[in-house]
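Peer 1: The structure follows.
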Amino acid sequence: MWVKLKTISKFIEIGNEATGNNVSYQEITDEQNYAIFDAMGVPRTTDGKFKKDSEAPFSSDGMVTFGQAIREGKMSLKTDDFEKLTGDQPLTVKYMFEHSDDFQIGARHSQDK
């Protein structure tokens, strides 16, 4: 099955449509990305000190390298592995934006079958 993969711009377009927001995307360098997280007090590695009640309770290395992987096409392969492993269809980006309260950072609880 052929599926057109989403760009970050398309992802934001879907989010804006689902939420009524008007978020825009501006590409930045990895160093600019690190600077934003540094200013928020996000440690670069998991060895760093995490700020209590941080709006980003994870390390910036992971988030910046995630962006690098997208740019380098390392996430451009679509598979049906999720459906094979779980028996479920994956959630759509639109669904996740429409139900964003269910996908916030914080306490997570397994919904395994």
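Bear in mind these aren't lab numbers, they're just calculated from the coordinates by the rules spelled out. Keep in mind it's a predicted model, so treat the numbers as computed, not measured. Cβ coordinates were reconstructed from backbone atoms using ideal geometry, including for glycine residues, and neighbour counts include every protein chain displayed.
Peer 1: For every other residue with a beta carbon closer than 14 angstrom to the beta carbon of residue 97, add +1 if it is Lys or Arg and -1 if Asp or Glu, then tell me the sum.
Peer 2: Details: positive: 6, 10, 94; negative: 13, 17, 98, 101, 102.
Result for the neighbourhood of residue 97: -2.
Peer 1: Please give me the summed charge of the neighbours of residue 34: other residues whose Cβ is under 13 Å from its Cβ, Lys and Arg +1, Asp and Glu -1.
Peer 2: Net charge around residue 34: -3.
Peer 1: For the stretch 1-47, take every pair of Cα atoms, bin their distances at 5 Å starting from 0, and report each bin as a whole percent.
Peer 2: Percent of pairs per bin, in order: 5, 16, 16, 15, 17, 18, 8, 4, 1.
Peer 1: Something else about it: Quick one: net charge around residue 17, please, counting Lys, Arg +1 and Asp, Glu -1 for every other residue with C-beta under 15 Å from its C-beta.
Peer 2: +1
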